[in-house]
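Down below is the structure, laid out as structure tokens.
The values are calculated or read from the model by the stated rules, or taken from the named source; none is laboratory data. Treat the numbers as computed from the prediction; the structure is a model and nothing was measured. Glycine also receives a Cβ, built like all others from the backbone with ideal geometry; neighbour counts cover every protein chain displayed. SASA here: full protein model, heavy atoms, side chains in, ligands and nucleic acids out. Shrake-Rupley method; radii C 1.70, N 1.55, O 1.52, S 1.80 Å.
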Amino acid sequence: MDNTSYIALSRQMALWKQMNIVSNNMANMNTAGYKQDNAVFTSYISQTPEALGIGAAPLFFTQDFGQFQDFAEGTFKSTGNTFDLAIKGDGFFCIETKDGEKYTRKGQFTLNEDGALTTTDGDYVSSEHNMPLYFAPGETEITISESGDVMTENGLIGRIKVAKFADNQKLLKASGVLFENVEGNAVILGTDTVRIAQGMVEQSNVNSITEMTNLVKIQRSYDYVQQMIDEEHDRLSNTISTFAELA
């Protein structure tokens with residue numbers, strides 16, 4: 001395989017990954033608290049012996065650096081549900097999972113059979129004391145203040161634990177809406193810089209029109225590169241056939 005094909009394939013592989021990322025964003029347009037993924041690519045110069053001398057040029061390959069999350073705040077939708085919560089500001093709900101503490105912006109919570117506040121997947125929502133928040137049978141007057149205080153007609157139950165990080169880009173996506181922190185990324189606990197809204201959910205920050213446009217552009221670029229690979233293959237085949245006839 002010649003350099004032209006290698007360069008084209010490197011671009012095609014990058015476009016394929018970008019297409020997967022955009023497709024996943026579109027699939028989660030209606031997922032509360034979902035944060036859009038974006039791919040990072042660049043070209044790099046590879047100097048070869050053929051690139052030396054007069055009229056020669058270096059080779060440019062497409063390099064996949066990875067991806068990053070767009071943590072821009074999504075729009076807020078009023079639901080009126082008691083256990084639907086949204087964070088206004090830079091912060092995350094702290095969730096206790098079987099794999100340790102995780103963080104999310106998806107505040108669609110519910111009560112399990114024991115009366116504990118959990119995610120729809122059954123993981124506990126943590127209080128500031130790192131304990132689940134339990135409600136007694138029959139408690140109906142449930143209010144959650146902007147500071148995260150959870151109260152019923154029987155008094156204060158606790159305060160929802162909210163975390164803020166020094167660098168959100170260092171968070172690793174554990175699943176669609178759950179993130180985990182890495183060592184060295186400072187975390188600040190508390191709701192001093194955020195407000196919690198009861199009866200609301202934060203919607204996905206994916207822009208459907210933008211992502212649809214991106215998908216069309218990626219598909220066109222992929223087809224163009226494939227056409228170039230096919231034409232290069234035909235050129236090489238014709239060259240070999242011509243030399244064979246002259247031999």
Mind listing just one residue for me: the one in the range 200-210 that is surrounded by 17 or more Cβ atoms within 10 Å (Cβ to Cβ) and either at pLDDT below 85 or in contact with a helix residue (DSSP H, G or I) (Cβ under 9 Å, 6 or more places away or on another chain) (or both) and, of those, nearest to Thr75 (Cα to Cα)?
Ser204
Six or more apart or on different chains, Cβ atoms under 6 Å: show the pairs whose first residue is in the range 10-30 and free of Cβ contacts under 8 Å to residues at least 60 places away in the same chain and whose second is among the charged types (D, E, K, R) and open to solvent by less than 20 Å² (accessible area, probe 1.4 Å).
Ile21/Asp37
Report, by residue number, each residue of the range 131-141 that is more than 12 Å from Ile160 (Cβ to Cβ) and either at pLDDT 95 or above or aromatic (Phe, Trp, Tyr) (or both).
Tyr134, Phe135
So Glu73, is it charged (D, E, K, R), farther than 23 Å from Gly176 by Cβ and either surrounded by 14 or more Cβ atoms within 10 Å (Cβ to Cβ) or modelled with pLDDT of 95 or more (or both)
no
Restricting attention to the range 152-199, the residues that are closer than 22 Å to Asn81 by Cα, surrounded by fewer than 17 Cβ atoms within 10 Å (Cβ to Cβ) and of a type outside the set (S, T, N, Q) number exactly 5
Give the range 70-82 a look and list any residue that's in a loop (DSSP other than H, G, I, E, B) and among the hydrophobic types (A, V, I, L, M, F, W, C), or say none.
Phe71, Ala72
Looking at this structure, is Glu141 in contact (Cβ under 8 Å) with a residue 40 or more places away in the chain and outside any strand (DSSP E or B)?
no
Those residues of the range 21-37 which are surrounded by 15 or more Cβ atoms within 10 Å (Cβ to Cβ), of a type outside the set (Gly, Ala, Ser) and in a loop (DSSP other than H, G, I, E, B), in sequence order:
Asn28, Met29, Thr31, Tyr34, Lys35
Considering only residues that are under 21 Å from the mean Cα position of the chain (by Cα) and surrounded by fewer than 20 Cβ atoms within 10 Å (Cβ to Cβ), look in the range 110-122 and name the one that is nearest to Gln198 (Cα to Cα).
Thr120
Exactly one of Phe135, Phe109 is of a type in the set (Phe, Trp, Tyr) and under 15 Å from Asp84 (Cβ atoms), and that one is Phe109
Restricting the search to the range 173-214, which residues are without any contact (Cβ under 8 Å) to a residue 40 or more places away in the chain and touching a strand residue (DSSP E or B) at 6+ places or on another chain (Cβ under 6 Å)?
Asn185, Val187, Ile188
Strands (runs of 3 or more DSSP E) wholly in the range 83-133 with at least 3 residues that are of a type in the set (A, V, I, L, M, F, W, C) and touching a residue at least 40 places away in the same chain (Cβ under 8 Å) - which ones?
85-88, 92-97
Tally time: how many residues in the range 151-185 are under 14 Å from Tyr103 (Cβ atoms) and not polar (S, T, N, Q)?
19
